[in-house]
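Since every read-out is calculated from the coordinates, none of them should be taken as a lab result. All of these numbers come straight from a predicted model, not from anything done at the bench. Ideal geometry is used to build each Cβ from the backbone, glycine not excepted, and the neighbour counts take in all protein chains shown.
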Amino acid sequence: MSYRTLKSASNDFSLDYYEDLTQTKVKSEVKQSEINFQLEYTPNRKTVGYGVERMEVDNNYARLFLSYSQGLKGVLDSDFDYQKLQFYYRQPVLVGGFGRLFTTFETGKNIWYSSFRFNGYCSRKSILFYN
């Protein structure tokens, strides 16, 4: 579980958003509590050493990473409910005498359960999808 508080570090940039449907309450700080589950698979990875002294022998292995996060509105005064899914794949390719080319594919989906109006387009209890 993690907890973050976000607020603008500059007077030129604002995180302000309307907290209610009548657009009368403005909030400038975001509080975020979430639970995150991650899986990582690295086939053919070779390491030497033990514990904190472990080092990779070579970085010529694929990496697959899957992450799921759930926002928890109300936990530690958190502001939002959401779900986030992320997938990451990296595959090194040996390119003859040139070296290695690291190809990467990453995709994800955010689903926000909102009870506020975002830029005036969403109604109460709407679901917002972001890519």
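Taken over the range 1-112, the alpha-carbon convex hull comes to 185 cubic angstrom per residue.
Taking a Cβ cut-off of under 15 Å around Leu66, the surrounding Lys, Arg, Asp and Glu residues balance to a net charge of +2, with basic ones at +1 and acidic ones at -1.
Our estimate of slack between Leu85 and Asp58, defined as 0.36 nm per intervening residue step minus the Cα-Cα distance, is 6.8 nm.
Counting Lys +1, Arg +1, Asp -1, Glu -1, what net charge surrounds Pro92 among other residues with beta carbon under 15 Å of its beta carbon? Charge balance in the 15 Å sphere: +3. Based on Cα contacts under 8 Å between residues 6+ apart, the range 30-104 shows a relative contact order of 29 percent.
Would you mind classifying the range 49-108 by shape? Square roots of the alpha carbon gyration tensor eigenvalues, ordered a ≥ b ≥ c; an a/c under 1.5 is rounded, otherwise it is prolate if a/b is larger than b/c and oblate if not. Oblate shape, in that a/c is at least 1.5 and b/c is the bigger or equal ratio.
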